[in-house]
1. Scan region 1-14 for residues that are closer than 15 Å to Val84 by Cβ, of a type in the set (Ser, Thr, Tyr) and assigned to a loop (DSSP other than H, G, I, E, B) and jot them down.
2. Scan region 324-334 and tell me whether some residue there is assigned to a strand (DSSP E or B), crowded, with 16+ Cβ neighbours inside 10 Å, touching a residue at least 40 places away in the same chain (Cβ under 8 Å) and within 14 Å of the ligand (Cβ to nearest atom).
3. Looking only at residues in region 101-143 that are among the polar types (S, T, N, Q) and out of contact with any Ser or Thr (no Cβ under 8 Å at 6 or more places or on another chain), which one is modelled with the highest pLDDT?
4. How many of the residues making up region 279-302 are without any contact (Cβ under 8 Å) to a residue 12 or more places away in the chain and part of a helix (DSSP H, G or I)?
5. Find the residue count for region 313-323, including only residues that are touching a helix residue (DSSP H, G or I) at 6+ places or on another chain (Cβ under 6 Å), more than 13 Å from the ligand (Cβ to nearest atom) and either among the hydroxyl-bearing types (Ser, Thr, Tyr) or closer than 18 Å to Ala359 by Cα (or both).
6. Can you go through Pro138, Pro217 and tell me which one is surrounded by fewer than 23 Cβ atoms within 10 Å (Cβ to Cβ) and closer than 30 Å to Val390 by Cα?
7. Which of the residues that make up region 125-165 are small (Gly, Ala, Ser) and under 25 Å from Phe67 (Cβ atoms)?
8. In region 187-214, how many are under 21 Å from His315 (Cβ atoms) and within 16 Å of the ligand (Cβ to nearest atom)?
Amino acid sequence: MTVLVVNSGSSSIKFQLVEPEDGTAGATGLVEQIGETEGRVVLDLPGDESEKRLEIPDHAKGLQIAFDMLADAGVDLHDSVTAVGHRVVHGGEVFYRPTVVDDAVLKQIDELSSLAPLHNPPNVLGIEVARRQLPDVPHVAVFDTAFFHGLPAAASTYAIDRDTARQYGIRRYGFHGTSHEYVSQQVEKFLGREGLDQIVLHLGNGASASAIRAGEPIDTSMGLTPLEGLVMGTRSGDIDPGIVMHLRRSADMDVDAIDELLNRRSGLKGMSGINDFRALQQRIDGGDGDAALAYDVYIHRLRKYIGAYMVDLGHLDVIAFTAGVGENASQVRADALANLQGFGIEIDPERNAQRGKVARVISTDGSAVTVLVVPTNEELAIARATDALVSSR
Ligand code: ADP
């Protein structure tokens, strides 16, 4: 089995060839700046990297160029790929398991676009163009919401009029589910223990927290859309919904303008002008007050969720950090868990400072709660889900 994993965004397509059994990754590709005058295709094969800069008018052309480059490098996808796994952001109430894509499924995913207008349309486009390129193998959709489908009603229900909520599918769905599930499973494998109470903190450009009891999520920070919860690179996370009405009435902003404000001009970027965490840290070191405040707001929110989930769970074995910021920014980990010895949480500064691409413990031996850094691997998780579904048919 070789699974091609595709993650299609509004102006980019990422893909990777993965052997689900042993987890090895073959070629990795990135097509970006689709629709701009100069786009970029980057291919990363073991021991060989190539790049092309040219106009990429649309997703179909982008994928075609990338596949042609792969063929030139001696990788014929038509020969090697046995299935394609697609990351799909919103499965709504309809999809909570990996699902083989046919025309009807694709239409349903498209219909869920009202719940995820920024994400599902490019996911659908990615599936369409990949199906055209590789029509003879099964294509499987793996949903970001799926892991959280069974959230307890008290955690998934918004306290609004129940008829309105039902009519419009308004509930907390949760996202980054593939990562939260994968990381929590890796934690149990790594520690050789089962049935753990865990808080998983996925801190990348998007960021989310989850509370997991014995493999099942009981709460998560993202909601109807990936906008709720933690402070993110460009997204606000939690705000008073009254802000939306205030902007509508006082700033005469329409719904698209507010959507753009909260999704693209908020979070770290909104507060400091910068959404990349490394650049933010450099600004803080240079004495930038806005960057320092943005960082403080980020940490404050993160600590609030950690506290909430400790009480939610009632008992805690593990806190796991993952994704770009969680895996790399030791300062964030230290600040998120500072002064929590009274709650049985103590980070070892030396362990926390060590860098690496493998799972590792960063708490002290005496810490009642084990704190870990666990690299996420959503591509592998998608490849495995795809493989399992296709093999069982
Ligand atoms: P995405 O949500 O796009 O998958 P990632 O998980 O790749 O995002 O995380 C991207 C974020 O991780 C960026 O803000 C980036 O600055 C941050 N990051 C990556 N490496 C480091 C590092 N060494 N130190 C601090 N932040 C880092």
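The values are calculated or read from the model by the stated rules, or taken from the named source; none is laboratory data. Every value quoted in this text rests on a predicted model; they were computed, and no experiment measured them. Cβ: placed from backbone, ideal geometry, glycine included. Neighbour counts: every protein chain shown.
1. Thr2
2. no
3. The selected residue is Gln108.
4. 9
5. 2
6. Details: Pro217 fails: surrounded by fewer than 23 Cβ atoms within 10 Å (Cβ to Cβ).
From the options Pro138, Pro217, the qualifying one is Pro138.
7. Once the filter is applied, which keeps residues that are small (Gly, Ala, Ser) and under 25 Å from Phe67 (Cβ atoms), region 125-165 yields Gly126, Ala130, Ala141.
8. Here the count works out to 4.
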